[in-house]
Each structure stands twice: as C-alpha cells, then as structure tokens.
Amino acid sequence: MELKTPLYDAHVKAGGKIVPFGGYLLPVQYGTGVIKEHMAVRTQAGLFDVSHMGEVLCEGKDALQNLQMILTNNFDNMVDGQARYSPMCNENGGTVDDLIVYKKSDDHYFIVVNAANKDKDYQWMLDHQFGEVIFTDVSEQYAQLALQGPKAMEILKKLTAEENIPKKYYHAVFDTEVAGIPCIISKTGYTGEDGVELYLDSSNAEKMWDALLEAGKEDGLIPCGLGARDTLRMEAAMPLYGHEMDDTVSPLETGLGFAVKMKKDDFIGKAALEEKEAPQRTRIGLKVTGRGIIREHQEVFKDGEKIGLTTSGTHCPYLGYPIAMALVAEGSAELGDKVEVEVRGRKVEAEVVALPFYKRSK
C-alpha cells in the first residue's frame with residue numbers, strides 16, 4: 001500500500017504522472033516533461049515535493065555523543081542552524097544511508113533521511129542509542145518542498161524577509177515563516193543549483209505550494225517531478241542511495257571521504273574501514289562518446305577487461321549528452337581513458353571524465 005504525500009491532490013490537479021517511489025505515490029513528471037522541468041531548474045526555477053523524505057529528532061544530554069557514534073562525520077564543532085551531510089555505516093563499513101543533520105541547539109538535532117530507508121534508519125538509531133537521548137520519528141508531521149534554480153532566491157524574497165533566509169550553504173533558519181506559514185528554511189538541495197528546502201507542517205503543504213508557484217509565475221517557476229530530480233542530481237554527480245552506495249559499498253569507495261572523519265575517537269564501522277585500508281573501488285564519471293544511453297548495473301570494460309559496474313546513467317538535458325557514474329576497481333581507470341559499457345549485448349563507448357559533470361557558475 002503506497003502512501004500519499006500531503007500534496008498528492010495538487011500533483012494530480014497539475015497533471016502529474018504519478019508513480020510509486022520509496023513507498024509513496026509521487027509525480028515522475030508533469031505535462032511539461034522532464035527536459036523542460038530540468039531546464040527550468042538550470043535556467044530559472046523549479047519546485048519539487050520531497051515530503052516523502054523522513055525526519056527524525058535527536059534530543060537529550062547525550063544527543064551529540066550519539067550522533068558522533070552513529071554517523072561518520074564530526075558534529076562537535078557545529079553552530080546552531082548549521083547543517084552537515086553524513087553517511088551512516090554498519091559494522092562492516094558499508095553504508096546504511098546518507099543523511100543530513102541540522103543543529104537546532106546543543107541537545108536538539110533535526111535529521112533528514114532518505115524515504116525508502118526511513119524505517120530502517122530510525123530502527124538503526126534506536127538499536128544503537130545510549131545514555132540520555134530520545135530519537136523521535138516525526139516524518140508524518142512534516143512536508144518538505146524544494147525550491148531550486150538561479151531565480152529561487154528572488155522568488156523566496158517575495159514571500160519572506162531577507163533576514164529569514166540563511167546566508168550560507170548548508171545552514172538553516174528554524175522557527176521562521178514563508179508566505180505567513182511557519183517553517184524551517186534550509187539552504188540545501190539536490191540539483192547542483194542555488195535554492196532552499198522548506199520544512200513545514202503537513203497541513204500547510206498545499207498552501208505553501210500554491211503560494212510559491214504564484215510568486216514564481218513571472219520568473220518561470222514550474223512544478224518538477226522525480227524524473228528531473230534524478231537527471232539534475234546526475235549532472236551534479238550527487239550520489240543516490242541504492243545506486244552509488246548501499247550496505248555493501250563504503251562511503252570511501254563512492255567518493256564520500258570528506259564526510260568520514262577517521263580522526264574521531266570512534267564510530268560504527270570505523271574499525272572495518274581502518275582494516276580495509278585503501279578502498280578497493282572508486283566512483284568515476286563517464287561521458288558517452290558512442291551511440292546509446294547507459295543505465296545502472298551495466299558492466300564496464302577497459303581494453304577488453306571488466307573493471308566494474310555502472311551505478312546510474314541517463315541523458316542529461318542541460319549538457320546535451322548521455323552520462324553515467326560507475327564503481328570500478330581502484331586504479332583501473334584514469335581521466336581521459338576510453339572504456340566500453342555493455343548495453344543489451346552491445347558495447348557502447350565512453351570516456352572517463354571528472355566529477356561533477358556540471359557545476360553552476362557562482
């Protein structure tokens with residue numbers, strides 16, 4: 001039984017093509033189509049419903065110590081309102097999930113997890129908690145909207161005072177409002193563009209959705225679905241759980257070493273990561289030079305020898321060519337190398353390129 005986000009009716013009304021995703025019914029695209037939605041985010045602005053994401057509170061005297069042990073990143077030097085990305089590892093060094101932690105105060109943290117992993121993640125936290133701490137799954141209470149694109153901030157400023165908007169990337173303002181609706185404004189996103197994510201009470205979701213679309217009408221703001229969300233994150237080379245990482249892939253193998261603090265006293269999975277020493281695999285970017293589109297789980301060959309598997313692949317509307325990411329044996333491929341990917345029994349040529357594929361000009 002798939003769940004509906006608080007914006008389900010709004011998506012149907014707007015002509016959204018609804019599909020099951022992460023246990024929810026969500027629009028994969030609207031009548032405009034994925035390419036137009038993708039281009040709107042790159043050149044103007046797009047609005048996404050990401051209410052399927054999970055939210056967990058971590059509160060109490062030992063909240064910080066719990067985060068330090070359960071997550072790979074370091075949280076003891078954060079200021080109130082700051083956000084930090086982190087993988088969460090199992091004892092073998094594989095990835096349980098990747099998530100974002102917001103610090104509200106010394107003993108109050110707000111954690112955002114992936115939709116499909118929500119229950120698993122929450123259970124993992126409960127199974128590994130210690131001392132004076134309370135983890136609470138508050139996913140049902142929150143809707144989450146993502147306003148993304150070069151015009152996102154202009155649109156937002158029509159609905160809220162400038163001091164309510166975080167100045168820096170990966171910072172949030174708690175207990176503020178947009179269009180008179182109480183919310184958290186977070187300067188984060190999954191598109192490679194400037195923008196914000198808004199967390200608010202589920203009951204206000206449709207009101208906020210309508211207010212944003214109305215405010216952004218003259219700036220070209222349109223609703224966007226899961227299709228564009230995926231092509232945008234691919235261009236920005238942002239990893240997706242279940243593709244670039246899972247319970248068997250370590251954060252070090254998929255290029256997330258910046259969020260793994262090995263100098264920390266301890267965290268779940270640290271010993272396993274130390275034992276493995278150098279990662280056996282590495283994540284690379286591929287630009288398709290032959291004919292065809294590369295998808296996930298396709299074998300990558302160099303000089304006739306298999307070196308790994310693709311994790312995601314698509315045609316990128318803004319770049320104008322197909323790309324893919326792959327996990328390959330460490331040291332098996334250098335920038336500029338020519339490789340081949342097996343697609344339905346035939347080999348498609350590609351070149352190893354630097355990640356991210358797309359980077360916005362500041």
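The values are calculated or read from the model by the stated rules, or taken from the named source; none is laboratory data. For clarity, every value in this text was computed on a predicted model and none was experimentally measured. When we count neighbours, we look across all protein chains shown, and the Cβ atoms used for this are built from the backbone with ideal geometry, even at glycine. The accessibility values were calculated without ligands, DNA or RNA, using every heavy atom of the protein model including side chains. Shrake-Rupley method; radii C 1.70, N 1.55, O 1.52, S 1.80 Å.
Overview of results
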{"quantity": "Yes/no for residue 137 being more than 18 Å from the chain's Cα centre (by Cα), farther than 27 Å from residue 69 by Cβ and acidic (Asp, Glu)", "calculated": "no"}
{"quantity": "Residue 41, sole failed condition from (1) β-branched (Val, Ile, Thr); (2) closer than 27 Å to residue 218 by Cβ; (3) in contact (Cβ under 8 Å) with a residue 40 or more places away in the chain; (4) surrounded by fewer than 18 Cβ atoms within 10 Å (Cβ to Cβ)", "calculated": "(4)"}
{"quantity": "Failed item in (1) open to solvent by less than 40 Å² (accessible area, probe 1.4 Å); (2) on the phi < 0 side of the Ramachandran plot; (3) in contact with a helix residue (DSSP H, G or I) (Cβ under 7 Å, 6 or more places away or on another chain), with residue 105 passing the rest", "calculated": "(3)"}
{"quantity": "Matching residues, segment 148-185, being without any contact (Cβ under 8 Å) to a residue 60 or more places away in the chain and assigned to a strand (DSSP E or B)", "calculated": "175, 176, 177, 178, 181, 182, 183, 185"}
{"quantity": "Checklist (1) closer than 15 Å to residue 279 by Cβ; (2) touching a strand residue (DSSP E or B) at 6+ places or on another chain (Cβ under 7 Å); (3) in a loop (DSSP other than H, G, I, E, B) applied to residue 334, failing item", "calculated": "(1)"}
{"quantity": "Any chance residue 83 is modelled with pLDDT of 95 or more, among the small types (Gly, Ala, Ser) and in a strand (DSSP E or B)", "calculated": "yes"}
{"quantity": "Residue check for residue 123: more than 18 Å from residue 187 (Cα to Cα) and surrounded by fewer than 21 Cβ atoms within 10 Å (Cβ to Cβ)", "calculated": "yes"}
{"quantity": "Candidate set: segment 84-95, residues that are in contact with a helix residue (DSSP H, G or I) (Cβ under 7 Å, 6 or more places away or on another chain) and within 14 Å of residue 259 (Cα to Cα); chosen: the one most open to solvent (accessible area, probe 1.4 Å)", "calculated": "85"}
{"quantity": "Sole residue being at pLDDT 95 or above, within 23 Å of residue 358 (Cβ to Cβ), open to solvent by 50 Å² or more (accessible area, probe 1.4 Å) and charged (D, E, K, R), chosen from 334, 305, 330", "calculated": "334"}
{"quantity": "Segment 90-119, subset hydrophobic (A, V, I, L, M, F, W, C) and in contact with a Phe, Trp or Tyr (Cβ under 7 Å, 6 or more places away or on another chain), residue nearest to residue 271 (Cα to Cα)", "calculated": "96"}
{"quantity": "Scope segment 337-349; condition open to solvent by less than 40 Å² (accessible area, probe 1.4 Å) and touching a Lys or Arg at 6+ places or on another chain (Cβ under 6 Å); matching residues", "calculated": "339"}
{"quantity": "Some residue of segment 231-243 being in contact (Cβ under 8 Å) with a residue 12 or more places away in the chain, farther than 27 Å from residue 118 by Cα and in contact with a Lys or Arg (Cβ under 7 Å, 6 or more places away or on another chain)", "calculated": "no"}
{"quantity": "Residue match in segment 74-83 (condition: out of contact with any Pro (no Cβ under 8 Å at 6 or more places or on another chain), closer than 27 Å to residue 5 by Cβ and open to solvent by less than 30 Å² (accessible area, probe 1.4 Å))", "calculated": "yes"}
{"quantity": "Complete set of residues in segment 1-38 that are of a type outside the set (Ser, Thr, Tyr), farther than 24 Å from residue 203 by Cα and either in a helix (DSSP H, G or I) or open to solvent by 20 Å² or more (accessible area, probe 1.4 Å) (or both)", "calculated": "31, 34, 35, 36, 37, 38"}
{"quantity": "Meets criteria (hydroxyl-bearing (Ser, Thr, Tyr), more than 21 Å from residue 239 (Cα to Cα) and either without any contact (Cβ under 8 Å) to a residue 12 or more places away in the chain or in contact with a Ser or Thr (Cβ under 9 Å, 6 or more places away or on another chain) (or both)) for residue 5", "calculated": "yes"}
